[in-house]
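The values are calculated or read from the model by the stated rules, or taken from the named source; none is laboratory data. As the structure is a prediction and not an experimental result, all values here were calculated from the model. Neighbour counts run over all protein chains shown; Cβ positions are idealised from the backbone, glycine included.
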Amino acid sequence: MNVTLTISGRSCDLALHPVSPRTALAIRAKGRKIYAEKYMDFWRRGNTRNFGMRIEADTRVQLFIDGSEQTFDMGALLGNVSTSMSNLYLDSKAQYLAVMGFAEEVCSYTWTWNNVESFDAARFMTCITDFGPVLGSTMRAIDEVRYDTLCADDFAWGNPGGFTLIDPVVLDLDQLRRVARAA
């Protein structure tokens, strides 16, 4: 059987870049104008970028088995979760962290697993990024969904609705490290 999971709602594409004091000053001074100086992929480069579906009250989750929609509770996705906030920047020698990107593009993500022998919602595994420590909010985003430990055979991003770039944020990494150690 084929299992297809679609999540519709607001997505985010946020980059968390460790930066030097000089770059931190430049970003703070220029604010949103920094986006005009750097081409779009500048802030998307590297392994500190998160592209995920936000977990919110109005996020819609649909499950299809062999094309037939099934009743599904988002709680099943949140039953087997690994939560992360990348240690890549916490372990860096940088003094500051720049957060750039967008956090409200309306779209959908669809994962499909082919040739599944039997379906059990408890076999979903979800990787969630918690932006709370960085943005001072409750924002969490689903980065990846696996079924029975397997990546999807197919992933599609659909119906993008446009976005607005956030005001760049520069954070003191020493303060974030203290928060992470206390958690």
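Screening region 20-88 for helices (runs of 4 or more DSSP H) wholly inside it with 1 or more residues that are modelled with pLDDT of 85 or more returns the ranges 21-30, 34-37.
Beta carbons closer than 8 Å, at least 6 apart along the sequence or on distinct chains, pair a first residue in region 144-169 that is basic (Lys, Arg) with a second that is part of a loop (DSSP other than H, G, I, E, B) for ARG146/ALA152. LEU97 meets all of the listed conditions (1) in contact with a Cys (Cβ under 9 Å, 6 or more places away or on another chain); (2) part of a strand (DSSP E or B) but one, namely (1).
In the condition set (1) touching an Asp or Glu at 6+ places or on another chain (Cβ under 7 Å); (2) β-branched (Val, Ile, Thr); (3) assigned to a loop (DSSP other than H, G, I, E, B), THR129 is compliant with all but (3).
Of all residues in region 154-173, those being surrounded by fewer than 17 Cβ atoms within 10 Å (Cβ to Cβ), in contact with a strand residue (DSSP E or B) (Cβ under 7 Å, 6 or more places away or on another chain) and not in a strand (DSSP E or B) number 5.
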